[in-house]
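The values are calculated or read from the model by the stated rules, or taken from the named source; none is laboratory data. The shown structure was predicted, so the numbers you read here are calculated from the model rather than taken from an experiment. Positions of Cβ are generated from backbone atoms using ideal geometry, with glycine treated the same way; all protein chains shown enter the neighbour counts.
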Amino acid sequence: MGFFDDLKELGRGIKDATKELGKDLGQIARETKDEIKSDPGKYLLDSAKDVAGAVASVGKYAINHAVPDLTWQTMKKVEEQLQSGQLSDEQRADLMDRRRKAAMSEVRFLRQRTDRDLAEDITAKDVESRIDVVEGARRRLKWYLDLPDLGLEPDDQAEAQEVVARSRETVDEWRAKQRELTDRSS
């Protein structure tokens, strides 16, 4: 039952974080009300800019960190269940299938990040953030690949290994770019 207890605990943590967010939003609402009264036109323009920036930041965080990390943490709990030996054959097969799908999802995520990011110009400010995202994805993928009996098809296994190697090369390129941009700005 440890897996489900951990999920409940994760749910409680999310509930507490949501409650705190609600309090913060209430405070922001009170401050906003005062701003609107003082200059409604300026407030609307500033708010539109702030909201667009905040939505972009939250979306980026969710896509790049929160969702992949949550999936990975869940899969770590699944692995504990698989190793416990207390599962029926049907439960074990279901969890093994979820594990394979999660690994291939990580392969797709890492490949998309490196392909897309290599195609874009990159600023010194962006470099470290992109490196963090790719290294996090590579770390998660390597964890999956190190699992005993992951059960990937040979083509999928080869693709995963190729994506790991390519992501390593990408990070090396970004670090070189980061040094170049830093040297230029000095």
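See the values below:
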quantity	calculated
Failed criterion for Pro148 (all others in (1) farther than 30 Å from Lys125 by Cβ; (2) free of Cβ contacts under 8 Å to residues at least 60 places away in the same chain; (3) under 22 Å from the mean Cα position of the chain (by Cα) hold)	(3)
Any chance Val78 is of a type outside the set (D, E, K, R) and without any contact (Cβ under 8 Å) to a residue 60 or more places away in the chain	no
Subset of the range 114-127 [surrounded by 12 or more Cβ atoms within 10 Å (Cβ to Cβ) and within 23 Å of Leu70 (Cβ to Cβ)]	Thr114, Asp117
Residue check, Leu110 part of a helix (DSSP H, G or I) and either exposed (fewer than 14 other Cβ atoms within 10 Å of the Cβ) or at pLDDT 85 or above (or both)	yes
Residue pairs meeting the criteria (Cβ under 7 Å; at least 6 apart or on separate chains; first closer than 25 Å to Lys77 by Cβ, in the range 9-33; second part of a helix (DSSP H, G or I))	none
Any hit, the range 166-174, residues being farther than 17 Å from Pro68 by Cα, in a helix (DSSP H, G or I), of a type in the set (A, V, I, L, M, F, W, C) and modelled with pLDDT under 85	yes
Selection status of Gln73, under 24 Å from the mean Cα position of the chain (by Cα) and surrounded by 11 or more Cβ atoms within 10 Å (Cβ to Cβ)	yes
From Arg92, Arg139, residue being more than 20 Å from the chain's Cα centre (by Cα) and of a type in the set (Lys, Arg)	Arg92
Lys42 vs. criteria surrounded by 12 or more Cβ atoms within 10 Å (Cβ to Cβ), among the charged types (D, E, K, R) and out of contact with any Asp or Glu (no Cβ under 6 Å at 6 or more places or on another chain)	no
Filter pass, Ser167 being out of contact with any Asp or Glu (no Cβ under 7 Å at 6 or more places or on another chain), closer than 17 Å to Lys76 by Cα, surrounded by 11 or more Cβ atoms within 10 Å (Cβ to Cβ) and not acidic (Asp, Glu)	no
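Here is a yes/no grid of residues against (1) closer than 21 Å to Asp69 by Cα; (2) among the acidic types (Asp, Glu):
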| site | (1), (2) |
| --- | --- |
| Gln112 | yes, no |
| Arg130 | yes, no |
| Pro148 | yes, no |
| Gly151 | no, no |
| Asp155 | no, yes |
| Val163 | yes, no |
| Ser185 | no, no |
